[in-house]
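Before any comments, here is the structure.
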Amino acid sequence: MSKNFPAAAFAKLQEQAQKEWARLREKPLILIGAATCGRAAGALSLLKDVKNELAKLKLDANVLEVGCMGHCYAEPIMVIHNEGLPAICYGYVTEGVGARIVRDFLTEGDPCVEFALAALEPNDMFPTFADFPRGVYENKVVLEQCGFIDPQNIDHYISTGGYTALTKALEMPPEEIITTIKDSGLRGRGGAGFPTGIKWQTCRNAPGTTKYVICNADEGDPGAFMDRTILESNPHLMVEGLAIAARAVGAGKGYVYIRAEYPLAVERVALAIEQARVKGLLGDNILGSNYSLDIEIFQGSGAFVCGEESALIASMEGQPGIPRHRPPFPAEAGLWGQPTIINNVKTLSYVPHIIKNGADWFTGIGSGENPGTAIFALAGKVINTGLAEVPMSTTLNELINEVGSGIAGGKKLKAVQIGGPSGGCLPESAMDTPIDFDSLTQAGAMMGSGGMVVLDEDDCMVEIARFFLDFTQQESCGKCTFCRLGTKHMLDILERITKGQGKPEDIDTLTGLAAKVKAGSLCSLGKTAPNPVLSTLKYFREEYEAHINEGRCPAKMCKELIAYYILPDKCERSCDACVGSCPVEAIHDNEDRIKVIDQEKCVKCDSCTMACPPQYKAVVKLSPPHLVLEKDKEYKEGKQKWQQ
Amino acid sequence: MKITEEEKKLAIETTRRLLETYNDNQGNVIPVLQQVQNKLGYVPAVAMEEVAAHFHIPSVDVYGIITFYNQFRLTPPGKHQVKICMGTACHMRGAHIIQESWERRLNIKLGETTKDREYSLERVACVGCCTMAPVVVINDEIHGKITPTRVDGLIFANQLDNQKAKEGAAPNE
């Protein structure tokens, strides 16, 4: 067989794809971000609106449903490529706005700059994303094409350089692929940061001819959504990475394990696999080489612990997802007892880029032991929520204040929760910590899968510790006693504390239990479950003490420890916005026509705070709740004085 | 909640038809159960027995799998399956308040179905729309930035739809 055969076969595919790509640009091109986040903001109705408008005006344009480009704060997002002007990206395209932009731009040539976020190509007129602070720090590798190509069209992926790495890998000896990955220093992006090359080598060296490669897309960490975005926006990148990994270790079968909560991702990946098969990029004799690979999807069933590799395998074998002791590691004995490598979506998505650009290119990004980029899902109280890809070792401060544009509503940053239920909360004083596997572990958090939830002064640290423990306690598979019962006891204590029934000895009991749960658990779920408690205890001990000793929640979040109160001197007599908003009719007028909350009826739903017009801001939370009585007394006394 | 004889019959038939396309390799157990749930909306005991017989495993093992994974339901869902996202971002932005609003409005607790089987209420761990927090998924539609008043609005909109459908069915009244 000719050695150049894959390259020749691929050149044909590429030519075809580029033609298709060029054809797309003959007409104005409209892209609409319709990943799950966009859909939640109404992208599908925007799509309908735009299509209706085009039909109404009898305009000819290509409309594409694309993925997410990471600027989730501005969803729904629309991009228009029109002749003569650089491509412009519009944000917050709500109902009616989309149709208007299309009409004005395509018929009158008015680009409606008032709705534009930025241009996509450098030009003399508009700033591009690179001109914003976010653009300075961002270095998109994996996310580069997300939101700019149609995830349901393989030709778009191919014409932007896709599958060249697979073609190259087919011509490389497998050992050389592994060496390249080893040299690149790529570490698993699933959380633990294990060197990918070593994992692959172990699997390659393991005896046996039946081997498997599994892509772990069971993104269970609450607060992380980058795997979902990659699979919804550019599924072929992961498929290509998976194929290269399979080729490197000599596996003939690949699986993608996707969690049930991501129906759109399942759909997109299934389509991607099918398209790759049709083009001869998967299946028997890929691109005419003697290598064959097939990929199948396995849907998870909603168990967090299945993100752990041995539990994931158990679940694929039709068992409850309960982790087992390692070694033997799956790379030696995994699915059905055969050598298996399991890599995270992000890890596999780096692979094509490394093969294409070489190991040196990858080590040039990031720092020393932590090469490459890190993808973070910014959520919580930060202004620019969304996905950001920055070089490893960028500091937290840069990520939150520059990329994320700081805290919303002029509030003060209190802490950053990194790494989901296995991670920890870092306080403001740790904001100079570089974000990489080693520095974060040292600081008491964890890289995890990259979920980052920013917390401000209104967030209670005891409550967030309770939240995570509630999660891990429910998701514990029950195999190890300490994880099963220890987390339950810790949760009970935390629940008592958030209800104001804490005892002074609780903090010591929590620390003791945490150490035992860590020591007595088999898998990382139990080993890391106490982290949120330990890190909040370390940095925010005074909040625990306020709850226990004073029955006060400093952040005014714990429901049992707060009361809603309407400030009489701020309440406007002629306004009754709050009265209508109350779902339980707890707000009424007093004899002075000032609104008063009936504390017996109040369910603390926060509706009145939201309803109170911003010029009054009369509704406040008080903690501890008995302050309401004092305030009432104060009001009555003040009134008496004034009447005398 | 009582499952009627007809529902049982339907469940058995559906499960049998699905099982015809699968061999008895144990790796197929979960995919089959997922299919059953897709078709019926839940996995009743009779369906579990069918599946167990097909794969030559004890029924209790199938029950073990069903109860281990959060995705599976043992009771029929409502016509509108309301899933409240309980991810970190949603939690910090008041998912518990949203949960209480639904519970109060529908007069059911989490995990229950209303008597008329119109609504069922569940929680899910993070649907990955953290930037839109708090999020509620109704059937397959995702609603972001929910407030207690939005909850009222969603229920009201559904009532209107039902009413319209009723009037549409009897146009001359």
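The values are calculated or read from the model by the stated rules, or taken from the named source; none is laboratory data. Predicted model only: the values in this text are computed from it and were never measured. Because the Cβ atoms are built from the backbone with ideal geometry, glycine has one as well, and the counts that use them run over all protein chains shown. Protein only, heavy atoms only, side chains kept; ligands, DNA and RNA dropped before computing areas. Shrake-Rupley method; radii C 1.70, N 1.55, O 1.52, S 1.80 Å.
In this structure, the amide hydrogen of A:TYR212, modeled 1.01 Å from its nitrogen in the peptide plane, lies closer than 5 angstrom to those of A:THR340, A:ILE341, counting only residues at least 5 positions away or on a different chain.
Scaled against the 2.2 N^0.38 Å expected of a compact globular protein of N residues, the Cα radius of gyration of segment A:27-91 reads 1.08.
For segment A:324-415, carbon and sulfur atoms together expose 49% of the accessible surface, with a 1.4 angstrom probe and every protein chain in place.
Within chain A, what's the longest stretch lacking chymotrypsin sites (Phe, Trp or Tyr not before Pro) that sit in DSSP loops with no more than 16 other Cβ atoms inside 10 Å? Mind showing how you got there, number by number?
Values: sites that count: A:TYR92, A:TYR616.
Here the longest run is A:93-615.
Only protein atoms count toward the accessible area here, which uses a 1.4 Å probe; on segment B:80-169, the carbon and sulfur part of that area reaches 50 percent.
Binning the alpha carbon pair distances of segment B:5-68 at 10 angstrom intervals from zero yields the distribution 24, 62, 14, 0, expressed in whole percent. What the phi angles of segment A:224-234 give under the Karplus curve with 6.51, -1.76 and 1.60, with θ = phi - 60°, is a coupling list of 10, 9, 6, 5, 4, 4, 4, 5, 7, 9, 8 Hz, glycine and proline written as x.
Based on the reciprocal of the average 1/r between different C-alpha atoms, the Kirkwood radius for segment A:485-555 equals 12.3 Å. Orientation-averaged projection of the protein assembly as shown equals 39.9 nm² [convex hull of Cα atoms, one quarter of hull surface area].
Using a/c under 1.5 as the rounded threshold, could you call segment A:562-643 rounded, prolate or oblate? The axes a ≥ b ≥ c are square roots of the C-alpha gyration tensor eigenvalues, and prolate needs a/b larger than b/c, oblate otherwise. Oblate shape, in that a/c is at least 1.5 and b/c is the bigger or equal ratio. For A:ILE365, the amide hydrogen comes within under 5 Å of the amide hydrogens of A:GLY372, counting only partners 5 or more places away or on other chains and with H modelled in the peptide plane.
Sequentially through segment A:368-373, phi angles give Karplus couplings (6.51, -1.76, 1.60; θ = phi - 60°) of x, 6, 10, x, x, 10 Hz, Gly and Pro residues having no value and appearing as x. Heavy atoms of the protein chains alone define the surface here; on that basis segment A:14-129 has 45 Å² accessible area per residue at 1.4 Å probe size.
The angle separating the long axis of helix A:263-278 from the principal Cα axis of greatest extent in chain A is about 10 degrees.
For chain A, the longest principal axis of the Cα atoms and the long axis of helix A:345-357 meet at an angle of about 40 degrees.
Entry note, segment A:562-643: relative contact order of 39 percent, from Cα contacts under 8 Å with a spacing of 6+ residues.
Solvent exposure of segment A:366-459 amounts to 27 Å² per residue of accessible area, where only protein heavy atoms count and the probe is 1.4 Å. To the nearest ten degrees, helix A:461-475 and the longest principal axis of the Cα atoms of chain A are 50 degrees apart.
Using Cβ point charges alone (K and R +1, D and E -1), the dipole size of the protein assembly as shown about the Cα centre works out to roughly 960 debye. Anisotropy class assigned to segment A:438-570 is prolate, per the alpha carbon gyration tensor with a/c at or over the 1.5 cut-off and a/b larger than b/c. Inter-chain neighbour count for A:449-459: the average number of beta-carbon atoms from partner chains within 10 Å of each residue's beta-carbon is 2.
Based on the reciprocal of the average 1/r between different C-alpha atoms, the Kirkwood radius for segment A:366-459 equals 12.8 Å.
On the principal axes of its alpha carbon atoms, segment A:50-126 extends 31, 27, 20 Å, with the longest extent given first. Where a Cα-Cα gap under 23 Å defines reach, which lysines qualify for A:LYS199, not counting those fewer than 8 residues away within the same chain? Partners within reach: A:LYS168, A:LYS182, A:LYS211, A:LYS253, A:LYS346, A:LYS356, A:LYS527. The convex hull drawn around the Cα atoms of segment B:13-135, when projected onto a plane and averaged over every direction, covers 8.5 nm². Normalised by the number of residues in segment B:5-68, the mean separation of alpha-carbon contacts (under 8 Å, six or more apart) gives a relative contact order of 34 percent.
Surface analysis of segment B:80-169 yields an accessible area of 45 Å² per residue, using protein heavy atoms and a 1.4 Å probe.
When only alpha carbons of segment A:117-239 are considered, Rg and Dmax amount to 18.0, 61 Å.
Near A:LYS414, the amide H atoms lying under 5 Å from its own belong to A:LEU455, A:ASP456, A:GLU457; only residues 5 or more places off or on other chains count, and H is placed 1.01 Å from N. Rounded if a/c is under 1.5, else prolate if a/b beats b/c, else oblate: with a ≥ b ≥ c from the C-alpha gyration tensor eigenvalues square-rooted, which is segment A:162-363? Rounded shape, in that the Cα axes give a/c under 1.5.
With K and R counted +1 and D and E -1, the other residues having a Cβ less than 11 Å from that of A:CYS112 yield a net charge of -2. Across the accessible surface of segment A:14-129, with the other protein chains kept in place and a 1.4 Å probe, carbon and sulfur atoms take up 49 percent. For segment A:419-487, a Kirkwood hydrodynamic radius built from all Cα pairs, placed in the Stokes-Einstein relation at 37 °C and 0.692 mPa s, yields a translational diffusion coefficient of 246 µm²/s. Kindly compute the accessible surface that chains A and B hide from a 1.4 Å probe when together, both sides summed, and give it to the nearest 100 Å². Approximately 3800 Å² gets buried when A meets B.
The count of lysine pairs in segment A:1-123 that are at least 8 places apart or cross chains, and whose C-alpha atoms lie under 25 Å apart, stands at 10.
Starting from the exponent 0.38 and prefactor 2.2 Å, build the expected Rg for segment B:80-169 from its residue count and divide its actual Cα Rg by it.
Working it through for segment B:80-169, the quotient is 1.08.
In segment B:80-169, the DSSP beta bridges split such that about 55 percent are antiparallel, to the nearest 5. Relative contact order for segment A:162-363: what is it in percent, counting Cα pairs under 8 Å that are at least 6 residues apart? Answer for segment A:162-363 is 32 percent.
Where both partners of a DSSP beta bridge lie in the protein assembly as shown, what percent of those bridges are antiparallel, to the nearest 5?
That works out to approximately 60 percent antiparallel.
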